[in-house]
1. With θ taken as phi - 60° and the coefficients 6.51, -1.76 and 1.60, list the Karplus ³J(HN,Hα) couplings across segment 31-36 in order, rounded to whole Hz; mark glycine and proline as x.
2. Can you sort 10, 78, 34 by solvent-accessible area, 1.4 Å probe, largest first?
3. With a ≥ b ≥ c the root eigenvalues of the C-alpha gyration tensor of segment 18-85, is it rounded (a/c under 1.5), prolate (a/b larger than b/c) or oblate?
4. What does the net charge come to around residue 57 if you take all other residues with beta carbon closer than 12 Å to its beta carbon, with K and R at +1 and D and E at -1?
Amino acid sequence: MAETIPIKPIIINQSSKCIKDPQNQVCRGLVSKIEQLQLVAFDQDKFKCQSSLLGLQSEVIKAYFLKKYLNEKESFMIKYVIKNC
C-alpha cells in the first residue's frame, strides 16, 4: 500500500515561516521532517518530488544556519514542491 506524501500545507507553511524567520522554533525539526518525506517520495519512485524536497531542505538549512549572511525572505523551491509532490 503506497503511503501518501503529507506535504501540503503543513510543510509548505512551516518552510515559508522558517525562511522568513530563521529564529523560529519550527526550523529545528523541519529538516528531519523533510528528510522523512524524501524517503517516502523515494519509496514511491517520485524522484521529481524527492529532488524538490531536497532543494527545499537545503533552503531551510541555509536559512537556519546562515541567517546572518542571507537576505532571502522567500523560498525558491516551494513552487516546485507544490508542483512535483
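1. After applying 6.51 cos²θ - 1.76 cosθ + 1.60, I find 4, 5, 4, 5, 4, 4 Hz.
2. 10, 78, 34
3. prolate
4. Once positives and negatives cancel, what remains is 0.
The values are calculated or read from the model by the stated rules, or taken from the named source; none is laboratory data. Computed from a predicted structure; not experimentally measured. When we count neighbours, we look across all protein chains shown, and the Cβ atoms used for this are built from the backbone with ideal geometry, even at glycine. To get the accessible areas, we keep the full protein, side chains included, count just its heavy atoms, and leave off ligands, DNA and RNA. Shrake-Rupley method; radii C 1.70, N 1.55, O 1.52, S 1.80 Å.
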